[in-house]
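Engineer: Would you mind keeping the following structure in view while I ask a few things?
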Amino acid sequence: QVQLVESGGGLVQPGGSLRLSCAVSGIAFSMYTMGWYRQAPGNQRELVARILTTGYTVYTDSVKGRFTISRDNAKNTVYLQMSSLKPEDTAIYYCNAARLTSQNWGQGTQVTVSS
């Protein structure tokens, strides 16, 4: 049974930081591309960042220089370090594990950036 469990969301003031974690079980973690997506109310789910099995990273333009994705294959965990947060970063953040035609999602964690 595949499980992706996100944690670390919450309420933070503009300019603040949060670190999201996604603990993964039930798959060969090191063989999967891991990603963080987000969905704000009324919007489609969008890619935030992705890290390949090689460690290569991709970011959407709006988070470049502010967010960092990383993975720990020994802990089967992927992280998203978010800094200089803005109100427009408010969304539910989802963890994704992808390989070939396999797509696996977590339940999401709420991030709210507000003063």
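Engineer: Dipole of the chain, Cα-centred, from +1 at each Lys and Arg C-beta and -1 at each Asp and Glu C-beta, to the nearest 20 debye?
Structural biologist: 160
Engineer: Grab the eigenvalues of the alpha-carbon gyration tensor for the chain, scale each by 5, take roots, and send me the semi-axes largest first in whole angstrom.
Structural biologist: In descending order the semi-axes read 23, 14, 13 Å.
Engineer: Using R₀ = 30 Å, calculate the FRET efficiency as 1/(1 + (r/R₀)^6) where r is the Cβ-Cβ separation of MET31 and LYS64; round to 0.05.
Structural biologist: That gives a FRET efficiency of 0.65.
Engineer: If each of GLU88 and GLN103 carries a label point 7 Å out from its Cα toward its Cβ, how far apart are those two points in nm?
Structural biologist: Those two pseudo-labels are separated by 2.5 nm.
Engineer: Rounded to a whole number, what % of the accessible area of the chain do carbon and sulfur atoms account for, probe 1.4 Å?
Structural biologist: Solvent-exposed carbon and sulfur of the chain make up 47 percent of the total.
Engineer: Compute the length gained on full extension between ASN73 and LEU52: take 0.36 nm times their separation in residues and subtract their Cα-Cα distance, giving the result in nm to one decimal.
Structural biologist: Contour length minus the Cα-Cα distance gives 6.4 nm.
Engineer: Using a Förster distance of 22 Å, how high is the FRET efficiency between ALA40 and VAL5, based on the Cβ-Cβ distance and rounded to 0.05?
Structural biologist: The value I calculate is 0.50.
The values are calculated or read from the model by the stated rules, or taken from the named source; none is laboratory data. This is a predicted model, so every value here is computed, not measured. Note: ideal-geometry Cβ built from the backbone for every residue, glycine included; neighbour counts use all protein chains shown. These accessible areas exclude ligands, DNA and RNA; they are computed on the full protein's heavy atoms, side chains included. Shrake-Rupley method; radii C 1.70, N 1.55, O 1.52, S 1.80 Å.
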